[in-house]
2 protein chains.
Amino acid sequence: MATTLKLYEQIAKVLRENIHTGLFVEGDKLPSIRQLVSEFEVSISTVQQAYHQLEMEGLIEARPKSGYFVAHKMDSPDLPITSRPAQRPIEVSQWQDVLEVLLAKEDKQKVQLQHAMPNMKVSSLSPLLKKMSWLMRQQAEISLPYCDIKGTLALREQIVEIATYSGCVLHPDDLVITSGCQEALSVCLRAVTEPADIVAVESPSFYGSMQAIKAANLKAIEIPTNSENGLSLEALELALEQWPIKAILVTPTVNNPMGFSMSEADKKRLYQLAQSYDISIIEDDIYGDISYQSPRPKTIKSFDEDGRVLLCSSFSKSVAPGIRVGWIAPGRYRDKVTHIKYVSSSMCPTLPQLAIADFIQSGAYARHTRKVRLLYKQGRDHLIQCIKQHFPIGTRISFPQGGYILWVELDKRYDTVKVYAQSKKSTVSIAPGTLFSATGKFRHCMRLNFSEKTALEREQGIIELANLIKQQDND
Amino acid sequence: MATTLKLYEQIAKVLRENIHTGLFVEGDKLPSIRQLVSEFEVSISTVQQAYHQLEMEGLIEARPKSGYFVAHKMDSPDLPITSRPAQRPIEVSQWQDVLEVLLAKEDKQKVQLQHAMPNMKVSSLSPLLKKMSWLMRQQAEISLPYCDIKGTLALREQIVEIATYSGCVLHPDDLVITSGCQEALSVCLRAVTEPADIVAVESPSFYGSMQAIKAANLKAIEIPTNSENGLSLEALELALEQWPIKAILVTPTVNNPMGFSMSEADKKRLYQLAQSYDISIIEDDIYGDISYQSPRPKTIKSFDEDGRVLLCSSFSKSVAPGIRVGWIAPGRYRDKVTHIKYVSSSMCPTLPQLAIADFIQSGAYARHTRKVRLLYKQGRDHLIQCIKQHFPIGTRISFPQGGYILWVELDKRYDTVKVYAQSKKSTVSIAPGTLFSATGKFRHCMRLNFSEKTALEREQGIIELANLIKQQDND
């Protein structure tokens, strides 16, 4: 279907081609808005829209009071090597280590590289806080009764809207609101498995979902995962042939902890594999809306023909975790998911749901995610520079396609569990790699967060961390 | 240990004895405050305190502008007959019926006798709403980050305080905050059992906990329960001898749906039974703080010597369900409970926890529960009168010792599932008895709520309901 490009898209297209053909190169200043207005005979806002589009694509960057410049392309760093976990179902351990990290008191003095917490100081969150405050002042009594068992309709309607950007056509009845993504994942796992079943996971993968596997009396089979392309589909197929796997739990878009986004083609292949072996897919899309790509990548759910994909998400990473609003699009498992969500924690509080619904409907959510995406992308590039500069030779770094966490693989002689232990007395905090394995692998890796601090603070943190690591050369 | 009675307690004691010996009889006006001030040579506030104490005990009642009178004693109605459920472990069914009730849209025009919802229009809730509104206006940003994995310390400290009234000596570290009591029960069940284990429950019992048993792949064994004394300890012991029961889930204080409170002696015996057979007790105390007794009855947890009791509660019934703040005192299962709570829904929102902590600390929670206890007790007496007057002969009614729900047992020829179906087109809503059995028993029973409407509205609802029931005489 041929579509006519809008004016601003035409201008963006011309500029994009000029950059790709090398007419403008890295660091070049682009024509001023005034110049383009007269050249194309369009309004100022049309040119602004064109520049905004290219900025979203990461092709150009705005410098305050100087205009627009062709962005510096970040060379992808030396990437971590594909993980090679044991290909057999195992019981998840590591809870004591996870608990220790969860219990760690936040020390405001420290450079916090440990928790996957978003930046909550950005001004684009103000409309949400204002709305919550307004609701509480004007309609505090709505916070008293239970809400609908599936969640407030106003919010489910707005989630239907934002899900279209990931290629999903949903209906409010297809959604169940949860207490964050953790509850979503936990409920979905219980909905599609029986105790002692086997669930395939990426390796490394998020400790919260692995602990949910443990608590549901399931076994995990860790599938090798590549920091560039994601889950190895070949390894998955081998595992599917060999073991009676019941479901696969994946974070294919802006993965935690690696940051990769699987290609659309690979997502399709993964879905087809699930079809062939008749297993269900629990898709964790919690970072999807803060992918650096525009438009954001499609979900596996968007290819779902027979309802076997349970899409889980929340506003914890894109907005704030304390809001505790997550959701499930459970496909054919809707009734089971509704049951388990009800027994898990009954209904969700109404007020945060209404505030988020308003945040989305007013356009403030879109503005906020646009803003933080740029912020996080700059954070990524800066953190990678710092690591390259200060960490020992042989360090490999993942190259996240969104969000604010990355994965560092040190030379095998280094022990990040030891670094982690030492970091407690230092000015920096990290998440050791072992948390992201069912059985304590990745002992030379770590996950670092780059959402919160200033560039200067982050660099200081990285220098401190590099010193802790290099101390091991003397052991 | 001999303790000296305070002045007001001495006066209350004299008056109490005068009532018990018949010096004052039902309906008699008691001496005015002025008279007692001069007779006992004490301050006005001391006499007021004495009268307040007796009012709490239900012995006397205040009539506006007239003074204090000896309360009319409500004769306990014809009580339901002890249930005789099948004494073998069974799978819980009934989810579709529970779901239908949960999905029912609230119709403000209807006399709502169905849901166990507290009265949320009382002015004594204002301090909570004001605090929430203030927090949101002044400190909205505290709603953004995660709170402590076990819940906000300020709240845990306050729960330690109120738990002393039920005889418990706890420490903030002994507590885990949850998303309401449903999450508390669900987490505890998973913490003390393995899939396929057997859990003993009262019969009838709360559908939410039975559905949690179902979702955790457990079997329930229903223990006969008497509407006056509660769980039959003889039947429980027989079941314990015969089956490998892992845990017992009970609501021994202001039971849902019956309203009884087990005696302290029976609670102790139940605990000793649990010790002998080495099983754990999940004690649901959600209605405990709105018992009509003053001081409120002790929990089984208060006798716990070896940490086998997991005490679950929340502010859903005593304050408001939409707040979603519950808690567990998990005893020796603390680590397992912390793990399962974390995977279940991660941390709880901070702001409602702070608001509740303030509500308790300021004394407003005590004032509120004192107020609603009296309100609910009047509601109980009125509803029982209405039922006696309008329902068919042979109706038996439980005599709740707190809260705002009671259990009605009709003659066996009546079918409350049919009444429930017809009530959907009527002006009244009920909860059919079948919801409170694992396998659809109690088809001639129903649970009625008396928290919300005015006496007039409730009577109209009861008349409508009586008509629906009596229609069956013509079938």
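The values are calculated or read from the model by the stated rules, or taken from the named source; none is laboratory data. The structure presented is a predicted model; accordingly, all values stated were derived computationally and were not measured. Positions of Cβ are backbone-derived with ideal geometry, glycine not excepted, and every protein chain shown enters the neighbour counts.
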Whichever residue in region A:217-260 is in a loop (DSSP other than H, G, I, E, B) and more than 24 Å from the chain's Cα centre (by Cα) and, among such residues, is nearest to A:Ala163 (Cα to Cα): A:Leu218
Output for region A:299-319, where each listed residue is under 25 Å from B:Gln182 (Cβ atoms) and either of a type in the set (Val, Ile, Thr) or in contact with an Asp or Glu (Cβ under 9 Å, 6 or more places away or on another chain) (or both): A:Leu310, A:Leu311, A:Cys312, A:Ser313, A:Ser314, A:Phe315
A:Ala200: passes all of (1) surrounded by fewer than 24 Cβ atoms within 10 Å (Cβ to Cβ); (2) assigned to a strand (DSSP E or B) but (1)
Looking at (1) surrounded by 23 or more Cβ atoms within 10 Å (Cβ to Cβ); (2) in a loop (DSSP other than H, G, I, E, B); (3) in contact with a Lys or Arg (Cβ under 9 Å, 6 or more places away or on another chain), can you tell me which one A:Asp278 breaks? (1)
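Could you pull out the residue among A:Ile469, A:Ile393, A:Ile430, A:Ile463 that is in contact with a strand residue (DSSP E or B) (Cβ under 8 Å, 6 or more places away or on another chain) and assigned by TED's automatic domain parsing to the domain that holds A:Met117?
On the way: A:Ile469 fails: in contact with a strand residue (DSSP E or B) (Cβ under 8 Å, 6 or more places away or on another chain); A:Ile393 fails: in contact with a strand residue (DSSP E or B) (Cβ under 8 Å, 6 or more places away or on another chain); A:Ile463 fails: in contact with a strand residue (DSSP E or B) (Cβ under 8 Å, 6 or more places away or on another chain).
Step by step, each of A:Ile469, A:Ile393, A:Ile430, A:Ile463 is checked, and only A:Ile430 is in contact with a strand residue (DSSP E or B) (Cβ under 8 Å, 6 or more places away or on another chain) and assigned by TED's automatic domain parsing to the domain that holds A:Met117.
Could you name every one of the helices (runs of 4 or more DSSP H) located completely within region B:1-66 that has at least 2 residues being under 29 Å from the mean Cα position of the chain (by Cα), modelled with pLDDT of 85 or more and within 26 Å of B:Thr369 (Cα to Cα)? Show your work before the answer.
Working: elements: B:7-20, B:33-40, B:44-56.
Ranges flagged: B:7-20, B:44-56.
For A:Val98, state whether it is within 28 Å of A:Lys214 (Cα to Cα), aliphatic (A, V, I, L, M) and assigned to a loop (DSSP other than H, G, I, E, B). Break it down stepwise before answering.
Details: within 28 Å of A:Lys214 (Cα to Cα): yes; aliphatic (A, V, I, L, M): yes; assigned to a loop (DSSP other than H, G, I, E, B): no.
So A:Val98 fails the test.
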State which residue is nearest to the other protein chains (Cβ to nearest Cβ) when the search covers only region A:303-320 and only residues that are within 13 Å of the chain's Cα centre (by Cα) and assigned to a strand (DSSP E or B). A:Ser314
Reported set for region A:410-436 where residues are closer than 24 Å to A:Gly230 by Cβ and buried (at least 17 other Cβ atoms within 10 Å of the Cβ) is A:Leu410, A:Thr416, A:Ile430, A:Ala431, A:Pro432, A:Gly433, A:Thr434, A:Leu435, A:Phe436
Suppose we keep only residues that are under 16 Å from the mean Cα position of the chain (by Cα) and within 11 Å of another protein chain (Cβ to nearest Cβ) within region B:193-210. Which one would you say is farthest from B:Arg447 (Cα to Cα)? B:Ser209
Which residue out of A:Ile387, A:Ile405 is modelled with pLDDT of 95 or more and closer than 15 Å to A:Ala466 by Cβ? A:Ile387
Selection from region A:416-475 of residues that are of a type in the set (D, E, K, R) and in a helix (DSSP H, G or I): A:Lys418, A:Glu457, A:Arg458, A:Glu459, A:Glu464, A:Lys470, A:Asp473
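What are the residues in region B:445-466 that are of a type in the set (Ser, Thr, Tyr) and either over 15 Å from B:Gln114 (Cβ atoms) or without any contact (Cβ under 8 Å) to a residue 40 or more places away in the chain (or both), if any? Reasoning before the result, please.
Looking only at region B:445-466, we keep the residues that are of a type in the set (Ser, Thr, Tyr), and these are B:451, B:454.
Within region B:445-466, B:Thr454 is the sole residue that qualifies.
Quick one: how many residues across region B:372-384 are in contact with a helix residue (DSSP H, G or I) (Cβ under 9 Å, 6 or more places away or on another chain) and either assigned by TED's automatic domain parsing to the domain that holds B:Leu153 or within 23 Å of B:Asn467 (Cα to Cα) (or both)?
Keep residues of region B:372-384 that are in contact with a helix residue (DSSP H, G or I) (Cβ under 9 Å, 6 or more places away or on another chain), which gives B:372-374, B:376, B:378-379, B:382-383.
Then keep just the ones that are either assigned by TED's automatic domain parsing to the domain that holds B:Leu153 or within 23 Å of B:Asn467 (Cα to Cα) (or both); that gives B:379, B:382-383.
Of the residues in region B:372-384, 3 are in contact with a helix residue (DSSP H, G or I) (Cβ under 9 Å, 6 or more places away or on another chain) and either assigned by TED's automatic domain parsing to the domain that holds B:Leu153 or within 23 Å of B:Asn467 (Cα to Cα) (or both).
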Only residues that are surrounded by fewer than 21 Cβ atoms within 10 Å (Cβ to Cβ) and among the polar types (S, T, N, Q): list them for region A:82-96, please. A:Thr82, A:Gln87, A:Ser93, A:Gln94, A:Gln96
Count of residues meeting criterion [more than 24 Å from A:Pro295 (Cα to Cα) and touching a residue at least 40 places away in the same chain (Cβ under 8 Å)] in region A:26-60: 3
Residue satisfying all of: in region A:136-162; out of contact with any Lys or Arg (no Cβ under 8 Å at 6 or more places or on another chain), in a loop (DSSP other than H, G, I, E, B) and of a type outside the set (Val, Ile, Thr); farthest from the other protein chains (Cβ to nearest Cβ) among these: A:Gly151
Looking only at residues in region B:291-302 that are surrounded by 19 or more Cβ atoms within 10 Å (Cβ to Cβ) and over 14 Å from the mean Cα position of the chain (by Cα), which one is farthest from B:Leu175 (Cα to Cα)? B:Ile300
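Looking at region A:215-255, which of its residues are within 14 Å of chain B (Cβ to nearest Cβ) and either crowded, with 21+ Cβ neighbours inside 10 Å or touching a strand residue (DSSP E or B) at 6+ places or on another chain (Cβ under 7 Å) (or both)?
Narrowing region A:215-255 to residues within 14 Å of chain B (Cβ to nearest Cβ): A:215-220, A:249.
Listed by number, the residues that qualify are A:Ala215, A:Ala216, A:Leu218, A:Lys219, A:Ala220, A:Leu249.
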Just the residues that are within 10 Å of chain A (Cβ to nearest Cβ), surrounded by 19 or more Cβ atoms within 10 Å (Cβ to Cβ), of a type outside the set (A, V, I, L, M, F, W, C) and under 23 Å from the mean Cα position of the chain (by Cα), please, taken from region B:97-135. B:His115, B:Pro118
Any residue in region B:206-224 that is among the aliphatic types (A, V, I, L, M) sitting within a Cβ distance under 6 Å of a residue that is part of a loop (DSSP other than H, G, I, E, B)? List the pairs, counting only those 6 or more apart or interchain. B:Met210/B:Val92; B:Met210/B:Ala438; B:Ile213/B:Val92; B:Leu218/B:Thr193; B:Leu218/B:Asp197; B:Ala220/B:Val92; B:Ala220/B:Ala438; B:Ile221/B:Pro89
Inside region A:261-275, the number of residues satisfying the requirement of being assigned to a loop (DSSP other than H, G, I, E, B) and surrounded by 16 or more Cβ atoms within 10 Å (Cβ to Cβ) is 2
Within region A:391-411, restricting to residues that are of a type in the set (A, V, I, L, M) and within 20 Å of the chain's Cα centre (by Cα), the one that is farthest from A:Arg443 (Cα to Cα) is A:Ile405
